[in-house]
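Participant: What follows is a single structure, and I will ask about it in a moment.
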Amino acid sequence: MKVSIKGIGVLGGFGCGIGDLNKTIITGKSSSAAMVIKTTDGDIEVPAFLANTDRLKSFVSKRDLRRIDHYIRMALLGCFLALEDADMLHANRGKMGIIIATGYGSTCNTFDLQHSVITEAAPFCSPIQFSNSVHNAAATYISILLKEMGPNLSVSHYDMSIASAFLSAYQWLQEGRVESVLVGSVDEYSKILGYFRHCLYNKGNKKADFAGKMNHEYAIIGEGANFFVLTGENEANSPYGFIEEIKMGNFKRKGINLPENTAFFLGADGYSECDDQYVNYLSEDARVASYSHLYGGLPVGTGFDIAIAALSNKFGTVFKSGDSPIYNSDRLNVIRHNEDLGSRRICCLKLGAGGSYGWVSLNH
Amino acid sequence: MKPLAPVAIAGIGCICSAGLVLKECMDFLYKGKRNPAPPVNFSTKLTFPVFEVLEDFFQSNLFEENNILRTCKLALTATLEAISDAGFDRKILETKRVGACIGTNVGCSMHDESFANDGNTPFITPVNRFLFSNPTSSIASEFKMTGPLQTVVNACSSGSDALGLAASWIRSGICDIVITGGADEMYQITYTGFKSLLINDDSPCKPFDVNRKGLNLGEGAAVFILVSQEIEKEMKKDPRAYILGYGSATDAFHHTKTRPDGKGLKLAIEEAMETSGATLSDIAFINAHGTGTLDNDLVESRVLYEMFPGVPFFSTKGYTGHTLGAAGAIEAAFTIACIEEGRVPASVGFTTSDPEMPPAYPLQQNATINGNTALSETLAFGGNNSVLILSTGEHPA
C-alpha cells in the first residue's frame, strides 16, 4: 500500500514551517543557543537548538493556551502547520487518527513535578502540572482543539518512537480504520538533558560511567516537533511522495535488510551509542547523508529526516549532507553536494539503543 | 469496518496485588478479598490506601538483567509466566519474527528519586538506566527478540490499546509472535497527582456505589503471547483464547474528565463489535473499567445500560486498585480467565445503587455465566476509550 504525505508541519532550531526547513537545508546552517545550567560545581554551558512557538497564536486562542506548557505548544504548532500545509485545517477531514511519538515526554514538567513531590515538606502537586505530565497530554490537547474523536495513540520508545508511530499509522490506513492519520512527534530541551550531555562529553567528569566516550563537537541538543498528514490516497495528489515501507528490528541479532536503489538519510546525531555502526550495514556504494546538524540530537530526529526526504521528493534533489556526526565518514559514500534524486527512493534509517533499528522509506 | 481475522492468544501471565500468577489472582477475586493499605514501596506522608505487590516477586536468577525499573521487573515476571503458559521454550523467541508492544505510564517517564535527590550535580547512572530500560526494551533484550518494538503511553488505556495494536501486527504478517500487554508500578508522582485531582478514595474504593469517592491506585502487569495462524497450527496445545475485536476512540472533551454523553466510549464499542463480528447476544458479560470515580462510573453505567441492556457487568478495581497502564491488560486476562471458568467475581465495594445511574447494577455476588465471548473496556486520561472483544474455545470462523 502507498501512503501519501499530504502535509508537513515542522519546527525546531531551524525555524518554523516546512518553508523554513527548506531554506535551512539550502544554507546548511541552524543557529544554536548557549544554555546555562547552574550546579554546585559552577555553571555549565551547553549548546541547544531551540524551537519558537510564537506562531501558535495564529491557530489557538490565548484562552486555550493559558495552561499549556512549551512541550505541548510545540506539538500543537507542528500539528496545525501540517494541517495547514495539507489544506485540511478547516476542511471536513473525515475519520482521522492521531498518533504522537516522543522519546522523553514532557521532561521539564515531569522533573518540576517530581521536585515538588519529593523535596517539599508536604507532598504537593499541581493538578494541571500533573495532567500535563501524562505522556498522552499533547495528543489530548490536539484531539480537543481539532474535535477529532477517532483513534488516538501516544508512543514513547526513545530512538524508535518515530518508526513505531509510522508503523501504526500505516497499519491504520491499511486496515481502513481511518481515512487519514495525523502522525508526528515532539521532544523538548531540559536542563536534565543539558546536564546529561555535559556528563557524556566531559572527560573529567566523574559523575558519568562513560564520560568522554563520544565526540562532542557535533552533538547539539535539539528540540522541536514534526508532523505529517498521511492518507491512503493516490500518490499523484502529493508533491511530497509517499511512504513506501516501515521496518523495525534488531541489527545486532539479525542484521538489516535495506532497500535497493536508495539514498540513505542516517539518524546519526552524536548521542546514540550506535552512531559508529552505520558503516557496518551499508554497502560501499550506498549514498548517505545526515542532517542532524540542522535540527540537533533528539530521539525523534528521524521525523525531521522524513520531512527532508519529502522535500527531496518534491524538488527531485538530494540535499548535501552535514559534515558529521557520521562516524567513519571516510568509509561511507557521503553526499557532499546537492544531486539529482532520479528514480531513487529515500530510506531514513535510525540505529538505536540495544541494537534496535527502524527505517522509513519514501518514494515518489 | 468489516470483521477482522481473530488472533490467537497462546499464553497469559499476570501479576498484581491479588496474586503473583493469574490463577492465584482469580482465586483471590472469587474469595471476595482485598487488602488495600498505605504505600510501603516509597516514603510519603500521605496515607491513601493502594494495592501494591508486597511480596519479593522478582526472581533475579531467572533473568540476565537485574538493574532495571520495578515496572520492568513486573513485566518480565508476567512474560515468563505467559511463555510457560503457552508451552513455549523461550529459545523459540530467538528464531521467529517476534515483536513486543507493551503499554505503560510510569515505566516510560524519566523519574528516579535518587537522581532528583542527588543535589545539583547528580550521577547520571539513573538517567542512563531509564534510557535503556522501559518494559518493552527489557522484554526484547531478555528474550533476544528481533522484531518491531512499541511502547504505548495512552495513560490508563495503554494496556488494552497495546493488545489491539499487537493483534494488527499478527494480522498484517509482520510478526509470527507478539509479546503484548501492560505494566506499571506504584509511584509517588502518580500517587500525589491523583490526590491533587481529588479523585483518590481515602478508604477502599467502591466502583458504581452511591458512596464512591474515587479510586485506589495499584500496580502490576499482564502479558499475552499472540501467535500467527502458522504458529497456532504448530502448537502442541490449543490457544488459550482469541482477540476477536478491538476499537478505540477519543472523547475530545477534557484531560481528566469523562465525556458526559459517553460518545467516545460508544464509538470504541461500536468499532470493537464491528471488527469482532460478534452480536449483542454473543456477549456473556462485560468487565467494566469501573474506577470508583464519580464521573467514570456514571458515564460508563449509562453507556452499558444503553448498549448492552441486561448483560451482566462488574469491576475488578476493588480487588487490584487502578493499575494505570497495566489495567487494560490485567482486566483482559481476568476476562479470559472468567470465560474459561464460567463464572465472574462480585464487584467488590458495591453495595448501594446510585439513583443518578440507570437501573443496571454490577454483580454483587460471584455469578455463573454462559457463553464464550466477553467485552473488556478501559477509559483513560485524555479521553481515550479502548475496548477488546475476547473469546475462548475453538478457532472462530
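Quick note: the coordinates plus some simple rules give every number you see, no bench work behind them. Given the structure is predicted, the values throughout are model-derived calculations rather than measurements. Heads up, the Cβs are rebuilt from the backbone with ideal geometry, glycines too, and the neighbour counts pull from every protein chain shown.
Participant: Per residue, what volume in Å³ does the Cα convex hull of region A:1-134 take up?
Facilitator: Each residue corresponds to 178 Å³ of Cα convex hull volume.
Participant: Considering the dipole of region B:7-391 built from charges on the beta carbon (Lys and Arg +1, Asp and Glu -1) around the Cα centre, which of B:Ile269, B:Ser60, B:Pro359 is farthest to its positive end?
Facilitator: Toward the positive end, the furthest listed residue is B:Ser60.
Participant: Can you sort A:Leu145, B:Leu29 from fewest to most other Cβ atoms within 10 Å of each residue's own Cβ?
Facilitator: A:Leu145, B:Leu29
Participant: Turning to a different aspect of this structure: Please label the shape of region A:242-363 as rounded, prolate or oblate, based on the square roots a ≥ b ≥ c of the eigenvalues of the alpha-carbon gyration tensor (a/c under 1.5 means rounded; beyond that, a/b larger than b/c means prolate, else oblate).
Facilitator: Rounded is the answer for region A:242-363, as its axis ratio a/c remains below 1.5.
Participant: Then there is this: Can you tell me which of A:Thr231, A:Thr27, A:Thr39 moves the most in a GNM of chain A? Springs connect C-alpha atoms under 10 Å apart.
Facilitator: Fluctuation is largest for A:Thr39.
Participant: What is the mean number of Cβ atoms from other protein chains located within 10 Å of the Cβ atom of each residue in peptide B:380-388, rounded to a whole number?
Facilitator: Mean shielding by partner chains, rounded to a whole number: 5.
Participant: For a quick check, take a GNM of chain A with Cα springs below 10 Å and name the residue from A:Ala82, A:Ala101, A:Ala139 with the largest mean-square fluctuation.
Facilitator: A:Ala139
Participant: Separate question: To the nearest 0.05, how large is the calculated FRET efficiency for B:Ala367 and B:Asp56 if R₀ is 30 Å and r is the Cβ-Cβ distance?
Facilitator: Efficiency, rounded to the nearest 0.05: 0.30.
Participant: Further question on the same structure: When DSSP beta bridges are limited to those with both residues in chain A, what percentage is antiparallel, rounded to the nearest 5?
Facilitator: The antiparallel proportion sits near 65 percent.
Participant: Dipole of the protein assembly as shown (Lys/Arg Cβ +1, Asp/Glu Cβ -1, origin at the Cα centre): which of A:Ser343, B:Thr279, B:Ile15 lies farthest to the positive side?
Facilitator: Going by the Cα projections, it comes out as A:Ser343.
Participant: In debye, nearest 20: dipole of chain B around its Cα centre with unit charges on the Cβ of K, R (+) and D, E (-)?
Facilitator: Charge dipole, chain B, about its Cα centre: 40 debye, nearest 20.
Participant: Specify the residue with the greatest mean-square fluctuation among A:Phe111, A:Phe80, A:Phe14, computed from a Gaussian network of chain A linking alpha-carbon atoms under 10 Å apart.
Facilitator: A:Phe111
Participant: For the protein assembly as shown, what is one quarter of the convex hull surface built on the Cα atoms, given in nm²?
Facilitator: If I average the Cα hull's projected area over directions, I get 29.3 nm².
Participant: So for the pair B:Lys2, A:Leu65, with labels modelled 7 Å out along Cα→Cβ, what separation do we get in nm?
Facilitator: Here the answer is 4.7 nm between the modelled labels.
Participant: At R0 = 51 Å, how high is the FRET efficiency between A:Ser58 and B:Glu340 if r is their beta carbon distance? Nearest 0.05 is fine.
Facilitator: It comes to 0.35.
Participant: Return the lysines within reach of A:Lys254: Cα separation strictly under 24 angstrom, same-chain partners fewer than 8 residues apart disregarded; answer none if there are no such residues.
Facilitator: Counting by Cα, and skipping residues close in sequence, A:Lys254 has these lysines nearby: A:Lys350, B:Lys91, B:Lys96, B:Lys144.
Participant: Right, something else. Label region B:7-391 by shape, choosing from rounded, prolate and oblate, from the square roots a ≥ b ≥ c of the eigenvalues of the Cα gyration tensor; if a/c is under 1.5 it is rounded, and otherwise prolate applies when a/b is larger than b/c, oblate when it is not.
Facilitator: Note, shape of region B:7-391 comes out oblate.
Participant: Could I ask something else about it? Need one number: % antiparallel among DSSP beta bridges in chain B, to the nearest 5.
Facilitator: Percent antiparallel among DSSP bridges in chain B is about 65.
Participant: Mind checking B:164-173 for the average number of partner chain beta-carbons within 10 Å of each residue's beta-carbon?
Facilitator: Average per residue, whole number: 3.
Participant: In addition: At most 15 other Cβ atoms within 10 Å plus a DSSP loop assignment makes a site exposed; report the longest stretch of chain B without any exposed trypsin sites (Lys or Arg not before Pro).
Facilitator: Result, exposed sites excluded: B:238-397.
Participant: What GluC sites (Glu not before Pro) does region B:351-396 have in DSSP loop regions with at most 12 other beta carbons within 10 Å?
Facilitator: B:Glu356, B:Glu394
Participant: Here is a follow-up. Where nothing but the Cβ of Lys and Arg (+1) and of Asp and Glu (-1) is charged, how large is the charge dipole of chain A around its Cα centre, in debye to the nearest 20?
Facilitator: Taking the Cα centre of chain A as origin, the dipole is about 400 debye.
Participant: Between A:Gln174 and A:Thr39, what FRET efficiency follows from the Cβ-Cβ distance if R0 is 60 Å, with the result rounded to 0.05?
Facilitator: Working from the Cβ atoms, E equals 0.75.
Participant: Also, quick follow-up: Rounded if a/c is under 1.5, else prolate if a/b is larger than b/c, else oblate: which is chain A, with a ≥ b ≥ c the root eigenvalues of its Cα gyration tensor?
Facilitator: The shape class here is oblate.
Participant: For the protein assembly as shown, with only Lys/Arg (+1) and Asp/Glu (-1) charged at the beta-carbon, what is the dipole magnitude about the Cα centre, in debye rounded to 20?
Facilitator: It works out to roughly 580 debye.
Participant: Now, a different point. Restricting to the protein assembly as shown, what percent of DSSP beta bridges are antiparallel, rounded to 5?
Facilitator: 65
Participant: Ok, one more. Once the dipole of region B:189-278 is set up with Lys and Arg at +1 and Asp and Glu at -1 on Cβ about the Cα centre, which of B:His255, B:Val210, B:Leu226 lies farthest towards its positive end?
Facilitator: B:Val210
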